[in-house]
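Reviewing the structure listed below.
The values are calculated or read from the model by the stated rules, or taken from the named source; none is laboratory data. As the structure is a computational prediction, the values presented were derived from the model and not from experiment. Virtual Cβ from ideal backbone geometry, glycine too; neighbours counted across all protein chains shown. When the accessible area is computed, the model is the full protein with side chains, heavy atoms only, and any ligands, DNA or RNA have been set aside. Shrake-Rupley method; radii C 1.70, N 1.55, O 1.52, S 1.80 Å.
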Amino acid sequence: MKGSIRTYVINLDGGTERLESVSRMLGSFGMDFERVPAFDGRKLDLSKVADYDAGRAERYMGRSLVGAEIGCYRSHLSAAAQFLQSDAEYGLVFEDDVLLRYNPIALLEEALPVLESADKDWLLLNIGANKSKITSPISEHDIGSYRCSLVAAHYFPMMACAIVWSREGARQFVENHGKIFAPVDNYFRYWLTRAGHGYAFWPAPVTTTDAESQIAASDGRKRSRYGRKWYYGFSKQKRLLEDKLIALGRRYRFRAKA
């Protein structure tokens, strides 16, 4: 394989048990990693967070964000920046609640050359997607007993527990960062549904444990209900419909060029 893969694990200070658990799991596949200290946003005063756009969040999400969502977003920014400081070609980023079903490195070593050939401008690959909608198949892969498809994810899937950056994707994420207006996985959908060049595996080779993510925990407040506006339902349906229409258009153009 042409390029090297560097692995990163986002882990909150004090999350020793999680770090030990994910270290054992990755070690069972012969994988080394670098730890990325997670940003703990659970006690943030959001009125004092310079890069949080509360008004846009309320318009786009139909609710306010919670501090932990800001922390999770910033943690992924840190992971992307840490990857860019390396000389690796690809950055594999895990949150520390991941559960590997199969060897992701073996899968990536087989699939990334195919992806590079299909789209040299690809930005982000989701390997922990929870659903797969509005996609175009690229290739099939078998790793042991595991079989999955590499797909162009026109409607970029949610969950950011396991993602792979190209250097250009990480650069754009870091350098174009302005104001946070959505949780990081919602932002990835917003960005990559519009920009294209987002990909995924389905079925996903990575999932999460049943443990609640510490970097995304809401400090006692249920984030899905916190700060909801009266127009929450309308905002959600508008967001989903708009993203799906854009994705359908991208799929049509993608298949027309194939």
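Checked against (1) touching a helix residue (DSSP H, G or I) at 6+ places or on another chain (Cβ under 9 Å); (2) under 30 Å from Q237 (Cβ atoms); (3) of a type in the set (A, V, I, L, M, F, W, C), A68 meets all criteria but (1).
Any chance you could count how many residues in the range 133-159 are under 21 Å from A106 (Cβ atoms), out of contact with any helix residue (DSSP H, G or I) (no Cβ under 6 Å at 6 or more places or on another chain) and not aliphatic (A, V, I, L, M)? Summing the residues that are under 21 Å from A106 (Cβ atoms), out of contact with any helix residue (DSSP H, G or I) (no Cβ under 6 Å at 6 or more places or on another chain) and not aliphatic (A, V, I, L, M) in the range 133-159 gives 9.
Inspection of the range 187-199 identifies at least one residue that is over 20 Å from P104 (Cβ atoms), crowded, with 20+ Cβ neighbours inside 10 Å and among the charged types (D, E, K, R). Per this entry, Y155 is counted among residues that are more than 25 Å from L12 (Cα to Cα) and either among the aliphatic types (A, V, I, L, M) or surrounded by 20 or more Cβ atoms within 10 Å (Cβ to Cβ) (or both).
Output the residues belonging to the range 84-106 that are of a type in the set (A, V, I, L, M, F, W, C) and touching a Lys or Arg at 6+ places or on another chain (Cβ under 6 Å). Within the range 84-106, just A88 meets the criteria.
Among the residues of the range 51-61, is any closer than 14 Å to S75 by Cβ, surrounded by 15 or more Cβ atoms within 10 Å (Cβ to Cβ) and in contact with a strand residue (DSSP E or B) (Cβ under 8 Å, 6 or more places away or on another chain)? No: the range 51-61 contains no residue that is closer than 14 Å to S75 by Cβ, surrounded by 15 or more Cβ atoms within 10 Å (Cβ to Cβ) and in contact with a strand residue (DSSP E or B) (Cβ under 8 Å, 6 or more places away or on another chain).
Could you pull out every one of the helices (runs of 4 or more DSSP H) wholly within the range 1-95 that has 1 or more residues that are of a type in the set (S, T, N, Q)? Steps first, answer last, please.
Values: elements: 16-28, 54-61, 67-84.
Passing ranges, in order: 16-28, 67-84.
Among all residues of the range 133-142, there is none that is open to solvent by 30 Å² or more (accessible area, probe 1.4 Å), within 13 Å of the chain's Cα centre (by Cα) and touching a residue at least 12 places away in the same chain (Cβ under 8 Å).
Contact map, the range 228-240: first residue under 17 Å from W191 (Cα atoms), second residue surrounded by 15 or more Cβ atoms within 10 Å (Cβ to Cβ) and modelled with pLDDT of 95 or more, Cβ cut-off under 7 Å, separation 6 or more or different chains; pairs are K236/G62; R239/Y60.
Run A106 past the list (1) at pLDDT below 95; (2) assigned to a loop (DSSP other than H, G, I, E, B) and report the number of the one that doesn't hold. That leaves (2) as the condition not met.
Yes/no per residue for (1) at pLDDT below 95; (2) surrounded by fewer than 14 Cβ atoms within 10 Å (Cβ to Cβ); (3) part of a helix (DSSP H, G or I):
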residue: S218; (1), (2), (3): yes, no, no
residue: S224; (1), (2), (3): yes, yes, no
residue: S235; (1), (2), (3): no, no, yes
residue: K238; (1), (2), (3): no, no, yes
residue: L241; (1), (2), (3): no, yes, yes
residue: A247; (1), (2), (3): no, no, yes
